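K.L.:
Structure in C-alpha cells, see below.
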Amino acid sequence: MSLWVDKYRPKSLDKLDYHHDISKRLKALASSGDFPHLLVYGPSGAGKKTRILSSLRELYGPGVEKLKIDVKTFVTPTNRKLEFNVISSPYHLEITPSDMGNNDRIVIQDLLKEVAQTESVDFSNIVSNMKPTINKKNKFKVVIINEAELLTRDAQAALRRTMEKYSSNIRLILISNSTSNIIGPIRSRTLLIRVAAPTNIEILSVFNKIIEKEDLLKFLPKDEIEREKLLNNIANYNDRNLRKAILSFEALYMNNDIITISTPLIKLDWEEILKKLADSILIKRSVANIQHIRSILYDLLSHCIPARLILKTLVINLWEFCSINDKKYKIKSKDEVKLKIVNTGSIFDERLSLGSKDIFHLEGFTIKVMVILEKDSL
C-alpha cells in the first residue's frame, strides 16, 4: 500500500495537472535532440521533481524507473572515508551533495567526473555483428542534483568546470528552492525554469481526482460548499505545498471515520514544539530556559528535523509573535526587534553551512535573540 502522494504522482508530462506551459516547454526540449542543462527552482511541493522525472521518461522511456541505490565511497584530503548514497537508473543519477556538508566538492569532482568520462551506450539497437551502437540523439547521461542552493562555493565552482568540460556526455538538472545562492556562472550556463506553487484551485482539482479514485465522497461533507471550504482549509494550512497537502489530507482520512468542516486538521508535532519554543524564548530569558531549549533542540535533531529548517521556522515564529499586540512579550520597538532577529537568523544560517555541530549554532541563535530581547524589554 503506497501513499497517495506516490500513488497518484503523474509519470508523463501530458498527465500533469497544472503549469501546462512548462510541460509543453519541457516536452519540446526533450524531443529537440539538444537538451540543455537545467536549473529548476520554486517552493517546496510545487512539483519540480515530478516534472523532471516526467521529462526523463520523455527522453529515455520507462527505463528511467528501474532505480537502484548505490553506496559510493570517497576519500577526503585528510584520508577520511566518506560514504554517499546515489540513486541511479541506466540513464540518470540522483544525488544530494549537500548531505556531505563541506565535503560536497569532493562528491561533485569525483562522481561527476567518473560519470562524465563514461559515454552512454544504447543496447536497444544491436547490429548484426553484435556490437552495441551509440544513440546519437540522447547519448548523454543526466545527473539530478537536489538542494543545489545549499552547495558550497567550492562545489559550485567544481560544478561549473564539469559543465564546461563534459557537456557532450553529461546533462545536469539542478533542483533549488531559490536561485539567490547559485553563482552567476552556473545560472548563465543553465536554462532556468521556475515552477510556482499551485493555486488553491489547482490543489482542489488534484484533491477531487483523488476523492474520485479513492471513493471518498461518503467520508466528506455532503454539501459541496462545505466540502470545498474543507479542502481549501487544508491547502491554506499547508501553504500551497501540494505534497504536504496531500499527506495532510490522507492523514485526516486515516484518523477520522467521518470528516466534517469542524474536524481539526492534522498538525505536525515538531511545528507545534517550535511555536512553543519561540514563545518560551520571548518570555523566559534565563540560563535555566536555555538548558531546557537545548534538550528540545537535541530531540528535534535526533528525529531528523534539519537544522536549517528548525532555524527558519523559529525565525518565522518569532517574527509572527513579535507582530502580535500582546503585553506578555514586553517589547518596546517591535519593528526594530524583528529586523534584528532576521539579521541574526541570516548570520547563524551561514554558520550552519560552515560548521559541523548544528546544536551549537541553534543554541547560539536562541541566546543571541534573548540578548536582543533583553536589551529591548520594557
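The values are calculated or read from the model by the stated rules, or taken from the named source; none is laboratory data. If you're wondering where the values come from, they're calculated on a predicted model, not measured in any experiment. Backbone-built Cβ (ideal geometry, glycine too); neighbour counts: all protein chains shown.
K.L.:
With within 16 Å of residue 175 (Cα to Cα), buried (at least 19 other Cβ atoms within 10 Å of the Cβ) and of a type in the set (A, V, I, L, M, F, W, C) as the only criterion, which of 107, 40 stands out?
P.N.:
Answer to the check: 40.
K.L.:
Any residue at all in the range 172-184 that's over 20 Å from residue 95 (Cα atoms) and out of contact with any Pro (no Cβ under 6 Å at 6 or more places or on another chain)?
P.N.:
Within the range 172-184, one or more residues are over 20 Å from residue 95 (Cα atoms) and out of contact with any Pro (no Cβ under 6 Å at 6 or more places or on another chain).
K.L.:
Among the residues of the range 30-54, which ones are under 19 Å from residue 196 (Cβ atoms) and free of Cβ contacts under 8 Å to residues at least 60 places away in the same chain?
P.N.:
50, 53, 54
K.L.:
Within the range 162-184, track down each residue that is farther than 23 Å from residue 240 by Cβ and surrounded by fewer than 15 Cβ atoms within 10 Å (Cβ to Cβ).
P.N.:
Listed by number, the residues that qualify are 164, 165, 168, 183, 184.
K.L.:
Since residue 255 meets every condition but one in (1) within 29 Å of residue 209 (Cα to Cα); (2) over 28 Å from the mean Cα position of the chain (by Cα), which condition does it not meet?
P.N.:
(2)
K.L.:
Tell me the helices (runs of 4 or more DSSP H) entirely within the range 1-99 that contain at least 1 residues that are of a type in the set (A, V, I, L, M, F, W, C) and over 28 Å from residue 238 (Cα atoms).
P.N.:
Once the helices (runs of 4 or more DSSP H) in the range 1-99 are filtered for at least 1 residues that are of a type in the set (A, V, I, L, M, F, W, C) and over 28 Å from residue 238 (Cα atoms), what remains is 20-32, 48-60.
K.L.:
Starting from the range 141-153, keep only residues that are closer than 16 Å to residue 44 by Cβ, then list their pairs with residues that are in a helix (DSSP H, G or I) whose Cβ atoms are within a distance under 6 Å, requiring at least 6 positions of separation or different chains.
P.N.:
147/98; 150/98
K.L.:
Then there is this: Being more than 24 Å from the chain's Cα centre (by Cα) and among the hydrophobic types (A, V, I, L, M, F, W, C) is the filter here, so list the residues in the range 259-276 that pass it.
P.N.:
259, 261
K.L.:
Please find, among 297, 352, 309, the residue that is buried (at least 19 other Cβ atoms within 10 Å of the Cβ), under 24 Å from residue 149 (Cα atoms), out of contact with any Gly (no Cβ under 7 Å at 6 or more places or on another chain) and not β-branched (Val, Ile, Thr).
P.N.:
On the way: 297 fails: under 24 Å from residue 149 (Cα atoms); 309 fails: buried (at least 19 other Cβ atoms within 10 Å of the Cβ).
None of the other options fit; the residue is 352.
K.L.:
Being at pLDDT 90 or above and charged (D, E, K, R) is the filter here, so list the residues in the range 31-52 that pass it.
P.N.:
Residues satisfying the conditions are 48, 49, 51.
K.L.:
Here is a list of conditions, (1) more than 30 Å from residue 35 (Cα to Cα); (2) in contact (Cβ under 8 Å) with a residue 60 or more places away in the chain; (3) exposed (fewer than 15 other Cβ atoms within 10 Å of the Cβ), and residue 210 meets all of them except one; can you say which number that is?
P.N.:
So the condition that residue 210 fails would be (3).
K.L.:
Which fully enclosed helices (runs of 4 or more DSSP H) of the range 167-254 have 2 or more residues being of a type in the set (Gly, Ala, Ser)?
P.N.:
Output list reads 184-188.
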